[in-house]
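Just so you know, all these numbers are worked out from the coordinates, no wet-lab data involved. Keep in mind that what you see is a predicted model, and the values were worked out from it rather than measured. Using ideal geometry, Cβ is built from the backbone for each residue, glycine included, and neighbour counts are taken over all protein chains shown.
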Amino acid sequence: MIFVLVCLYFAKEFFDHKFDSVEALQSYMKGFGVGAPLILTLFQAFQVVVPILPGYLGCAAGAIAFGSATGFWCNYIGISVGSIIAYFLAKRYGIDLVLSMFSKKQYETWSTRIEKSRSYEWFLFIATLLPLFPDDFLCYFSGLMNMNSKKFVWIIILGKPWCILAYSLAFGILK
């Protein structure tokens, strides 16, 4: 229930244009003082569960605001938690939820690509390693498949940090 309230709060802030640039997001987070890293972590979980913002926005803001190390941990924990929540939401609520958040064309495109894949688990792991992949969609899509939840969680834990680390190091230089 708390996560739903946090999501609703961030959605309101988004529609009030509080997050329309890296600078705006940084300024917003800094307004929370010592609680700012927690706000970034929650924001990153939110932006996976409600995929209206690109993930790199939070990665950039976190690394610039808090440095590479703290930014990395906030981003990694938030994105990983959000990815796992997305998986379980899709598992619980099914294709109707996924199609309400993503286009039918996107769903069909990835379904076709994945059907041709020999091993979806390896595909998902590689996709989590690469920047600019539709990770949020793939987390939801994974929940629709007959994929073991432990395997999914391990793929997220082992695959997510590398791209986030690259973003954190690259954007941390700008601090």
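What spacing in nm lies between the two simple spin-label points modelled at Leu132 and Trp162, each 7 Å away from Cα in the Cβ direction?
Label-label distance for Leu132 and Trp162, simple model: 1.8 nm.
Given the options Leu97, Leu144, Leu165, which has the most mean-square fluctuation in a GNM of the chain, springs set between C-alpha atoms less than 10 angstrom apart?
Leu97
In degrees, nearest 10, range 0 to 90: what is the angle between the Cα axis of helix 2-15 and the longest Cα principal axis of the chain?
Long axis of 2-15 versus the principal axis of the chain: about 70 degrees.
Treating the angle as unsigned and between 0 and 90°, give the value, to the nearest 10°, between the Cα long axis of helix 55-93 and the longest Cα principal axis of the chain.
Approximately 30 degrees, to the nearest ten.
Rounded to the nearest angstrom and ordered from largest down, what semi-axes does the equivalent ellipsoid of the chain get from its C-alpha gyration tensor (root of 5λ)? Don't skip to the end; give the middle numbers.
Numbers: eigenvalues 148, 66, 37 Å².
Taking √(5λ) for each Cα gyration eigenvalue gives 27, 18, 14 Å.
Tally Lys/Arg at +1 and Asp/Glu at -1 over every other residue whose Cβ is under 12 Å from the Cβ of Pro51; what's the total? Don't skip to the end; give the middle numbers.
Details: positive: none; negative: Asp135, Asp136.
Net of charged neighbours comes to -2.
Which residue fluctuates the most in the chain, going by a Gaussian network model with Cα springs under 10 Å, if the choices are Lys91, Lys105, Lys160?
Comparing Lys91, Lys105, Lys160 in a Gaussian network model of the chain, the most mobile one is Lys105.
Place a +1 charge on the Cβ of each Lys and Arg in the stretch 32-172 and a -1 charge on the Cβ of each Asp and Glu, then give the dipole magnitude about the Cα centre in debye, rounded to the nearest 20. Walk me through the numbers on the way to the answer.
Working: 10 positive and 6 negative charges, 57 e Å.
For this selection, approximately 280 debye.
So what is the calculated 222 nm ellipticity per residue for the chain, using -39500 (n - 2.57) for each DSSP H run with n of 4 or more, over all residues, to the nearest 500 deg cm²/dmol? If you can, show how the numbers build up before the last one.
Values: 9 runs with 140 residues, N = 175.
One gets -26500 deg cm²/dmol as the mean residue ellipticity at 222 nm.
Cα axis of helix 36-49 to longest principal axis of the chain: angle in degrees, 0 to 90, nearest 10?
Around 30 degrees separate the two axes.
Write down, largest first, the equivalent ellipsoid semi-axes of the stretch 129-175 in whole Å, where each equals the square root of 5 times an eigenvalue of the alpha-carbon gyration tensor.
26, 11, 6
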